[in-house]
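Right, one structure below, let's go through it.
Just so you know, all these numbers are worked out from the coordinates, no wet-lab data involved. This is a predicted model, so every value here is computed, not measured. Note that each Cβ is placed from the backbone with ideal geometry, even for glycine, and that neighbours are counted across all protein chains shown.
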Amino acid sequence: MAGKVTSMSVKVAAAAVAEGQLVVGSGRGELNVSGLCAAHGVSRKTFYKWVDRYRAEGVAGLEDRSRRPLTHPTQTPAAVEDLVVRVRKELADGGLDHGPTTILWHLGRRQQRGELDGVRLPSAATLWRILVRRGLVTPEPRKRPKSSIVRFEAPAPNEWWQIDAMDWVTASGPAKVFNIVDDHSRVAARSRAVGAATSEQAWTTFGQAAAVWGLPAGVLSDNGLCFSGKLRGVEVLFEARLRDAGIRPMTGRPYHPQTTGKVERFQQTVKKWLRKQPLAADLAELQAQLDRFTHIYNTQRPHQGISGAIPLDRWTATPVGGPAAGPLAHPDYGAKTHHSTVHHGCVQADTFKIHIGAEYNGLTATVVVDTQRANVFIDDNLIRHLELDHTRSYQPSGRPRGGPRRPRLRS
C-alpha cells in the first residue's frame, strides 16, 4: 500500500526550520510543531524526518519517495515464472486442464522426479497471480458459489457407474461416443466410438468396461432410449440385461443433466482434448485417440473433483462394490410384444395397423403395445412412438400423403 502523502505546508515548515528561519517552540513567533502536525495528520517524527532530509539534500529531499523495499526475498524468481508459463502452454497445447492447481500438480511431479532440484514451488494462489500478470487468465462472469451445490458421490468404486453418449465427427462422417465413469473414483471405465447410439451398442460398451473393472451394483443414465424405455412404458435391451445381471438401472429426471453430471463433465474434458488432436479418419482412428486419452485421464491427470487425486489411485484405495447375487425383477408395464413384417409401410399389432413408412418394407419390426401407446422398433432402433386412437384400427403417420407435389406440365 502506498504511503500517506505529507502536506506541502509541513514540508515548507520543515525547510524553514532547517534554514533557521523558524524556531521551534510555543512562544510568540515560534513554530508549534505539535499543533502543526496535529492539524495535518502527521507525527512529530515525520516532521523531523523532512527537516533532516532538507538539511542533507536541499529542496530535492522534500520529494516523496517510494516505500517499496529494495529486496524481495519471497518474490518468485523470473525463471520459475517462465517455467510456469511453459508448463501451462504444454498442457493447453495438449488439450489438458491448465489451471493453477493442475500446473502446481505437474510441477510437483517433476520435482519428485528430481527435475527441479533447488526450486521452491509457489502456491496455487501465487501461480494464479503469475498467470494474471502474464495476461494468461481470461476474466469470467461470476458463477454460482460451490458451497451452494448439493453433491452426491458413491461411497466406493463400482457402487454405480454413470453412462452417456456424445456426438463427435470423423473425416468419414458423424460418430457417437459412449462414455462410462465410475461415480466414486472418476475412473473412465470405457470410452467407445460407434456409428449409432443403440441399446445393443450401449450393452456392448458396458460389457467391455465390466471385463476390465468388474460389474457395478448400479448404472445411472439419462432417459435416452438406448439406456431406458421407462418413460415410454417399455424395457429396452440395455436395462433388461442389467437386471438379468443383478445390476440396478437408474435414471435421472427428464431435462436434468446434473444427475449424470460426472460423466457429462468427463465428456467436456474428452471433447477439449479431441479438439487438439488431428481429425480422425474413421471410427478406428477415433477409438485409438479415445484409448490414449482414457489412459492419460486415469493415470496421469489430477482430478479436482476428488481433491487432486488420480482416478486410478482413488479406485485402488477402497474395496469395490458389486451387483446383487441374482437377477432383479423386471417391470411389468402391461405391454404385449409383437413381431411383424412391414407391408405397404405398415405393421400389424393386435387389432391395430400402424403406419411407419414404405422405406421399411420387408423388414421385421418389433411392436410393443399397451392400453394407451405403441412403440415400433427395427434393429433395436425406435422408429415410431404413438398414442393409440381406439376409435380406429388404422393408425396413420400424420405425414402428408402422396409425396411432394410436382408442377403441372403445360400443354
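Between residue 115 and residue 268, the C-beta separation translates, for a Förster distance of 25 Å, into a calculated FRET efficiency of about 0.25.
Under a 5 Å amide H cut-off, with hydrogens placed 1.01 Å from N, residue 236 pairs with 229 among residues at least 5 apart or on other chains.
Amide H contacts of residue 395 (H built 1.01 Å from N, in plane; Pro and chain starts excluded): 353, 354, 355 sit under 5 Å, all sequence-distant by 5 or more or on other chains. For the stretch 243-266 versus the stretch 143-215, the spacing of their alpha-carbon centroids is 9 Å.
FRET efficiency for the pair residue 78 and residue 7, taken as 1/(1 + (r/R0)^6) with r the Cβ-Cβ distance and R0 = 51 Å, rounds to 0.85. Per residue of the chain, the DSSP helices (runs of n ≥ 4 H) give a summed -39500 (n - 2.57) that works out to -10000 deg cm²/dmol at 222 nm.
Annotation for the stretch 84-159: chymotrypsin sites (Phe, Trp or Tyr not before Pro) lying in DSSP loop with at most 16 further Cβ atoms inside 10 Å of their Cβ are 152. Taking only the Cα atoms of the stretch 121-229, the radius of gyration and Dmax are 19.1, 53 Å. For the chain, the longest principal axis of the alpha carbon atoms and the long axis of helix 100-112 meet at an angle near 80°. Rounded to whole Hz and in sequence order, give me ³J(HN,Hα) for the stretch 211-222 from the Karplus expression 6.51 cos²θ - 1.76 cosθ + 1.60, θ = phi - 60°, writing x for Gly and Pro. After applying 6.51 cos²θ - 1.76 cosθ + 1.60, I find 5, 9, 10, x, 7, x, 7, x, 10, 9, 9, 7 Hz. Applying the criteria of a DSSP loop state and at most 16 other Cβ atoms within 10 Å to the GluC sites (Glu not before Pro) of the stretch 38-142 yields 63, 115.
Put simply, the amide H of residue 370, placed in the peptide plane, has neighbours under 5 Å in 336, leaving out anything fewer than 5 places away on its chain. For the chain, the residue among 41, 372, 85 whose Cα projects farthest onto the positive side of the dipole built from Cβ charges is 41. Over all Cα atoms in the stretch 218-321, the spread is summed up by Rg and Dmax: 16.6, 43 Å. Note that the stretch 25-104 shows a convex hull volume over its alpha carbon atoms of 179 Å³ per residue. In order along the stretch 347-364, the Karplus-derived 3J(HN,Hα) couplings, from 6.51 cos²θ - 1.76 cosθ + 1.60 at θ = phi - 60°, round to 10, 9, 8, 6, 8, 9, 10, 10, 8, 10, x, 5, 5, 9, 3, x, 8, 9 Hz, and Gly and Pro are given as x. Across the stretch 382-398, coupling constants 3J(HN,Hα) worked out from phi with the 6.51/-1.76/1.60 Karplus curve, θ = phi - 60°, read 6, 8, 8, 10, 8, 7, 6, 9, 6, 8, 8, 8, 7, 10, x, 7, x Hz, and Gly and Pro carry x. Are there any trypsin sites (Lys or Arg not before Pro) in the stretch 73-128 that are in a DSSP loop and have at most 11 other Cβ atoms within 10 Å? List them by number. Here the sparse-neighbourhood loop sites are 113, 120. Counting only Cα atoms, the size of the stretch 20-173 along its three principal axes is 97, 40, 36 Å, in decreasing order. Note on the stretch 1-64: the alpha carbon radius of gyration divided by the globular reference 2.2 N^0.38 Å gives 1.07. For the pair residue 125 and residue 256 in one chain, pulling the backbone fully straight at 0.36 nm per residue adds 43.8 nm over the alpha carbon distance.
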